[in-house]
Amino acid sequence: MSVRLRFQKVFGGILLRCILFSSLLTLALSCNTPFEPQEDFTPRLNIYSVLFAEQQTVLVKVTSVVNSAIGISQPVHGASVTLSGAGQIAALAETTMVTDNDTASLYFAPVHVLPGEKYTVAVDREGYPSATASVSIPFSYVPIPDKSTYIVLVNPVI
């Protein structure tokens, strides 16, 4: 075997080992780095309300998703919540409702909901972009579900 072939064989083996070693070192170092995406998080408001024709009171639940891996929803306090529709604008007051040994933070207003009208809930809170939700109330009568059905709607079995 010539000196040139022997040199290429030895040099090629060393080069291959260096590439393999650097690849393993890069892989080992990258496994110790925690996953932390560098994306800006903008908290958003969630609006939840159910409006029925001929309803006399309006309840609105406002929550925000916090910056976490599982997206936990938390109540939002101190927001400005308004309901507009049928030629009226109502400011909703913040309240706490206690039912079945559980508490819920809600916004409340005595408003008569008319069928055939469009209603919009608007929420403003410092630190969040404004949020709105709109609905047109149908003319047909929609019964409020009984308590067992309502529990299934609020807490679906997954």
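Within the stretch 33-81, the set of residues being touching a Pro at 6+ places or on another chain (Cβ under 9 Å) and modelled with pLDDT under 80 comprises 42, 65, 66, 67. Residues in the stretch 77-115 that are assigned to a loop (DSSP other than H, G, I, E, B) and within 17 Å of residue 57 (Cα to Cα): 86, 87, 110, 111, 112, 113, 114, 115. Restricted to the stretch 87-121, and to residues there that are small (Gly, Ala, Ser) and under 19 Å from residue 55 (Cα atoms), the residue that is modelled with the lowest pLDDT is 116. Search the stretch 90-122 for residues being loosely packed, with under 12 Cβ neighbours inside 10 Å and among the small types (Gly, Ala, Ser), and hand back the single one that is farthest from the chain's Cα centre (by Cα). Per the criteria, the residue is 116. Taking the stretch 70-89 as the range and being loosely packed, with under 15 Cβ neighbours inside 10 Å and either in contact (Cβ under 8 Å) with a residue 60 or more places away in the chain or more than 21 Å from residue 138 (Cβ to Cβ) (or both) as the test, the residues that pass are 70, 71, 72, 73, 74, 77, 78, 80, 89.
The values are calculated or read from the model by the stated rules, or taken from the named source; none is laboratory data. None of these values were measured; they are calculated from a predicted model. Please note: Cβ atoms are built from the backbone with ideal geometry, for glycine as well, and neighbour counts cover all protein chains shown.
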